Amino acid sequence: MCERGWDELDVILITGDAYVDHPSFGVAMMGRVLEKAGYRVGVIAMPNWRDPESVSVLGRPRLFFGITSGNVDSMVMRFTAFKKVRNDDPYVPGGKAGHRPERAVIQYSNLVKKVHKDVPIVIGGIEASMRRMVHYDFWNNRLRRSIVEDSRADVLIHGMGEMPILEVAGRLSRKQSLEGIPGTVMATRNPPGDAFQLPSEENCMSSQGELLDFYREFYRRQHRQVLVQSSGGRYLLHTPSPAIDSLSLDSFYDLPFTRRSHPSYTEEVPAFAMIRNSIVSHRGCVSGCSFCSLGLHQGKGVVSRSENSILKEVEKLCADPRFSGHITDIGGPSANMYGISCGSSGECVRESCLHPDPCANLQLSGKRWLDLLDAAARIARVKHVTVGSGIRFDLLMKEDGGRQLLERLVKNHVSGQLKIAPEHTSPEVLACMRKKPISSTEHFVKAFFDAAAKAGKKYYLVPYLMSCHPGSEMRYMREMKGEVKRIFGFIPQQVQAFIPLPMTLSSIQYYTGSDPITGEKVFVERDMKKRVMQHGVFFDR
Ligand code: SF4
């Protein structure tokens, strides 16, 4: 601040993560976007939540405090699927747990309220976004009200926050109300008359039937309608995220990130080490899998950066003397969703473009994606471009010329192994996950190994699988083990135990034992010992 001649900041961002100036870190992105718009921004990373002074080190901001837990929900970061305390935290220097409080957004907000009572608080990031309305909390094993109320924030930004945070800053500069900004939730006494009314928060907390009704309506309407829910004599006003196009996305990723962690850190930030040489190509996911937060956070519509913007970022990477020549990923939620688009101009009411069957309007673009990877690999100093984020393999095989695309991928852009996520083999469990494969796993595995043999490579497939999801009974886990061994030829270790993440469809299935969309009853294993046994099926030799 002294070097820049600033005696005051406009915005102070507080995060539970280390500060890493890379576009994959939400706070870095928000800071750079605000800076570009002319605001003076400071960041307090990993404040000591027991010491109010830790949020005063940069003084008092002119406009607002922006608070986030960081790139991950603090409860997910703190506890395993079996509620054991984790010892690691890959988002802090040295990777050891202990720098981030539980329920970080609420803790940091309380801290700020203690010392700067009248400064507006804006909350955002995955923890706030996925707790924006009434939700099931696995760690308390109960429903919790919106985090807007528990944190006493002035406004919550949900989803990817670049546009909303600029609008919030602009309105606070002009001393205008924050109500109705696209991509936000806030408490109000005067909701718009034409907003869709959800069942009240109190009714959802006391009646499972009302909770199921709430979730169904919220899930279907959240991206296209203004929603309102009464709560404690006020109303929560939920507005859909603003539409964003490729040009805007390019403009965010073109900002002057240094791609370095803060120079004061003496130890590496493990999560940064993982993605240092990776590039985000798109946002959004067309799948709508029920256990995943992405659809609710980023939306179902895929927005892709232009090739030009991505290749410019590759060139920037190449200019770094420490760059090894290996780009470890050009991808997003699923790498091969780059460039996917919707051919319909009408309003879409489907929750997934792939479930229960692929929508006829979905326009796949595997060739464009592979052309991009090839173009990146041709840039001087780049030795190899591989896909680290995993692919939606059934989508690739569904495409015209899918087999040839797979051969191109395997020949040029796989580094030893390729990650895929069939998640399960039981049709009953896959139905609960909303992840019915659109082409066979077995067919893909054979095609992959044929392609590897043709390319003269010895490669591996790493299948990600999940235990304990609603619908999963012990017998289905045993069946899956046999099936996976038959298809892949080995028993993989990448089995993840299901965690009911707040506000996901699966979390409501887990809590209620019903699917809010179909109304069907669902088997749920909640007993912790039996969950451990289910998970152990794959590790029992
Ligand atoms: S119309 Fe089809 S492809 Fe387009 S968004 Fe809806 S489900 Fe997806």
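Taken residue by residue, the stretch 293-316 has at least one member that is away from the ligand (no atom under 16 Å from the Cβ) and either under 26 Å from Phe498 (Cα atoms) or not assigned by TED's automatic domain parsing to the domain that holds Asp400 (or both).
Considering each residue of the stretch 36-51 in turn, at least one proves to be over 20 Å from Glu267 (Cα atoms), part of a helix (DSSP H, G or I) and more than 23 Å from the chain's Cα centre (by Cα). Of all residues in the stretch 58-88, those that are in contact with a Lys or Arg (Cβ under 8 Å, 6 or more places away or on another chain), part of a strand (DSSP E or B) and aromatic (Phe, Trp, Tyr) total 1. Considering only residues in the stretch 341-357 that are modelled with pLDDT under 90 and hydrophobic (A, V, I, L, M, F, W, C), the one that is nearest to the ligand (Cβ to nearest atom) turns out to be Cys348.
Please count how many residues of the stretch 74-99 are buried (at least 23 other Cβ atoms within 10 Å of the Cβ) and over 18 Å from Ser129 (Cα atoms). Qualifying residue count, the stretch 74-99: 3. Is it the case, given these coordinates, that Ala335 is buried (at least 17 other Cβ atoms within 10 Å of the Cβ), within 23 Å of the chain's Cα centre (by Cα) and more than 16 Å from the ligand (Cβ to nearest atom)? It is true that Ala335 is buried (at least 17 other Cβ atoms within 10 Å of the Cβ), within 23 Å of the chain's Cα centre (by Cα) and more than 16 Å from the ligand (Cβ to nearest atom).
Scanning the stretch 408-417 for residues that are part of a helix (DSSP H, G or I) and of a type outside the set (S, T, N, Q), we see that the one that is nearest to the ligand (Cβ to nearest atom) is Leu409. Of all residues in the stretch 193-250, those being in contact with a Gly (Cβ under 6 Å, 6 or more places away or on another chain) and not in a loop (DSSP other than H, G, I, E, B) number 0. Within the stretch 257-287, the set of residues being hydrophobic (A, V, I, L, M, F, W, C), part of a loop (DSSP other than H, G, I, E, B) and surrounded by fewer than 21 Cβ atoms within 10 Å (Cβ to Cβ) comprises just one member, Phe257.
Looking at the stretch 318-328, is at least one residue assigned by TED's automatic domain parsing to the domain that holds Gly284, without any contact (Cβ under 8 Å) to a residue 24 or more places away in the chain and within 16 Å of the ligand (Cβ to nearest atom)? No, the stretch 318-328 has no match at all.
Taken together, Ser293, Ser264 contain a single residue that is out of contact with any strand residue (DSSP E or B) (no Cβ under 7 Å at 6 or more places or on another chain) and without any contact (Cβ under 8 Å) to a residue 40 or more places away in the chain, which is Ser264.
Checked against (1) more than 16 Å from the ligand (Cβ to nearest atom); (2) touching a residue at least 40 places away in the same chain (Cβ under 8 Å), Asp400 meets all criteria but (2).
The values are calculated or read from the model by the stated rules, or taken from the named source; none is laboratory data. Just so it is clear, the model here is predicted, and its values are computed rather than measured. Don't worry about glycine lacking a Cβ; one is built from the backbone with ideal geometry, like all the others, and counts go over all protein chains shown.
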